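Notes to accompany the following structure.
The values are calculated or read from the model by the stated rules, or taken from the named source; none is laboratory data. Given the structure is predicted, the values throughout are model-derived calculations rather than measurements. Note: ideal-geometry Cβ built from the backbone for every residue, glycine included; neighbour counts use all protein chains shown. The protein model used for the area step is the full one, side chains on, heavy atoms only, and it has no ligands, DNA or RNA in it. Shrake-Rupley method; radii C 1.70, N 1.55, O 1.52, S 1.80 Å.
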Amino acid sequence: MAVTTDPSQALHDRSGRTLAYLKTEAGWDYSVEAVRSGTAESRTYGERPVEEFDAITATETEARDQGKGIWGPPCWTEHRAG
């Protein structure tokens, strides 16, 4: 398991949390998989998306389409859709 930072981002966010990726040597990426399962969503702060932006947003679309986790009941409601 490796923790790597994203050179396009600061080391910490405005709340002091470390901004980094957690990946295995086999290529498994926690950020992508958390979004794919519907336990996280993609966010962009400021003008610079993270390096993994395309992979993360693609898996978020999959999770939304399949109603996984936060994109399904009871979390997802009609008022959030708009």
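About its Cα centre, the dipole of the range 4-57 is roughly 220 debye, where the only charges are +1 on Lys and Arg Cβ and -1 on Asp and Glu Cβ.
Peptide packing for 32-38, 52-58 was compared via the average number of neighbouring C-beta atoms within 10 Å per residue; ordered from the highest value, the list is 32-38, 52-58.
Element breakdown for the chain at a 1.4 angstrom probe: carbon and sulfur atoms account for 53% of the accessible area.
Can you give the local net charge around T4? Use residues other than it whose beta-carbon is closer than 15 angstrom to its beta-carbon, Lys and Arg +1, Asp and Glu -1. Taking every other residue near T4 into account, the sum is -4. Other residues lying with their Cβ under 9 Å from the Cβ of Y21 contribute a combined charge of -3, Lys and Arg counting +1, Asp and Glu -1.
When the Cα positions of G16, G46, V35 are compared along the charge dipole of the chain, G16 comes out farthest toward the positive end, with charges on each C-beta of Lys, Arg, Asp and Glu. With all pairs of different C-alpha atoms in the average, the Kirkwood value for the hydrodynamic radius of the range 12-54 is 11.7 Å. Computed log10 I(q)/I(0) for the chain at 0.17, 0.18, 0.20, 0.24 Å⁻¹: -0.76, -0.83, -0.97, -1.18, from the Debye equation with unit scatterers placed on every C-alpha and solvent omitted. Positive contributions from Lys and Arg (+1) and negative ones from Asp and Glu (-1), summed over other residues with Cβ under 10 Å from the Cβ of V50, come out at -2.
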